[in-house]
Amino acid sequence: MDWTDNGIILSVRPHGETSAIIEALTLEHGRHAGLVKGARSRTLRPVLQPGNQVRLHWRARLAEHLGQFQIEPDELGAGIVMDDRTSLAALNSACAMAILALPERETHEAVYHGFRVFLSALEDIDIWPALYVRWEAGLLSDLGYGLDWDKCAVTGQTEDLSHISPRTGRAVCAEEAAPYAAKLLELPAFMRGTGQIGEGDIAKGLDLTGYFLERRVLWPVDKQLPDARERLVNELDRVGRL
């Protein structure tokens, strides 16, 4: 059993004296783990960092085995964020969410491509917080729990959509939402691609995606949002980007 694919390193766990078990988000084979021999060598150590994009060759005797990875570097962007604690928090949160939410070995090409777009913007804090929120929304959608913000669930109108029902995941326009606003989740316009990012919009977006990721994806399998995501929220708050 063997295949070759593009992937993004999600995690690296030491195994024995010189090896490591890595998890990667691959284009065609989903979230996939494998053993890397010689992982602590001077050649591989800088390559095997979360967020790096690599070329993976996986081989095993049987499909259900852990198998071994041979790795070639592609785009090694992880080093760029190591000195920026806020960007590093974002990278760690995205990796943790992918590991927790994605079933192993299940293809999710849209999530992979969205992750790459997010990684490409990690040097610009004016851009990546919104991309991170949109990536989490895309993660929900690709797992079959997408939010319906095309039209108001009550009136059918497509304009002035301001809230999401926590029960149905469907949008509600401002007029209909007003009497029940305290019970609804706010929908920032930037998530629909219909407006600029306003003050507090990133926090609203994170609250929205976090609510549905927790209740629809994680709680049914006895999981909760990762600590890395909470650290990201705290970091964004620290630098005034929520």
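Please give the solvent-accessible surface of Ser162 in Å², to the nearest 10, using a probe radius of 1.4 Å with every protein chain present.
20
For a test of the definition: using alpha carbon positions, the gyration tensor, and the 1.5 limit on a/c, classify segment 1-152 as rounded, prolate or oblate.
Oblate shape, in that a/c is at least 1.5 and b/c is the bigger or equal ratio.
With every protein chain kept in the model, how would you rank Asp237, Asp201, Asp124 by accessible area, 1.4 Å probe, largest at the top?
These residues rank, largest area first, as Asp237, Asp124, Asp201.
For segment 122-136, take each phi angle, set θ = phi - 60°, evaluate the Karplus expression 6.51 cos²θ - 1.76 cosθ + 1.60, and give the result in whole Hz per residue in order, putting x for glycine and proline.
Those phi angles translate into 5, 7, 10, 5, 6, 10, 5, x, 5, 5, 5, 4, 5, 5, 5 Hz.
What does the accessible area of Val12 come to, in Å² to the nearest 10, when a probe of 1.4 Å is used?
The accessible area of Val12 comes to roughly 60 Å².
P(r) for segment 50-110, please, calculated from all Cα pair distances in 10 Å bins and given in %.
Final binned percentages: 18, 38, 36, 8, 0.
Just need the Rg to Rh number for segment 100-161, please, alpha carbons only, Kirkwood Rh.
Reported Rg/Rh, Kirkwood definition of Rh: 1.08.
Could you tell me how far the Cα centroid of segment 23-60 sits from the Cα centroid of segment 125-169, in Å?
32
Heavy atoms only, 1.4 Å probe, whole protein assembly: order Ile164, Ile127, Ile99 by accessible area, highest first.
Highest to lowest solvent-accessible surface, that is Ile127, Ile99, Ile164.
Just checking the chain: which Cys have no other cysteine's beta-carbon under 4.7 Å?
Cys95
Run the 1.4 Å probe and let me know the accessible area of Thr194, rounded to the nearest 10 Å².
Probe radius 1.4 Å; accessible area of Thr194 about 90 Å².
Ratio of segment 124-194's C-alpha Rg to 2.2 N^0.38 Å, to two decimals?
1.13
Looking at the square roots a ≥ b ≥ c of the eigenvalues of the Cα gyration tensor of segment 103-238, which shape do they give, rounded for a/c under 1.5, prolate if a/b is larger than b/c, or oblate?
prolate
Rounded to the nearest 20 Debye, what is the dipole magnitude of the chain about its Cα centre when Lys and Arg each give +1 and Asp and Glu each give -1 at the C-beta?
With Lys and Arg at +1 and Asp and Glu at -1, about 760 debye.
Relative contact order of the chain, please, whole-number percent, based on alpha carbon pairs below 8 angstrom and at least 6 residues apart.
It rounds to 16 percent for the chain.
Given the chain, what percent of its DSSP beta bridges are antiparallel, to the nearest 5?
Approximately 90 percent, going by the DSSP bridge assignments.
Ranked by accessible surface with a 1.4 Å probe, highest first, in what order do Val47, Val154 come?
The most accessible residue leads, giving Val154, Val47.
The values are calculated or read from the model by the stated rules, or taken from the named source; none is laboratory data. Bear in mind that the values here come from a model prediction, so they are computed numbers and not experimental data. Don't worry about glycine lacking a Cβ; one is built from the backbone with ideal geometry, like all the others, and counts go over all protein chains shown. We work out accessible area using only protein heavy atoms, side chains counted, and drop any ligands, DNA or RNA first. Shrake-Rupley method; radii C 1.70, N 1.55, O 1.52, S 1.80 Å.
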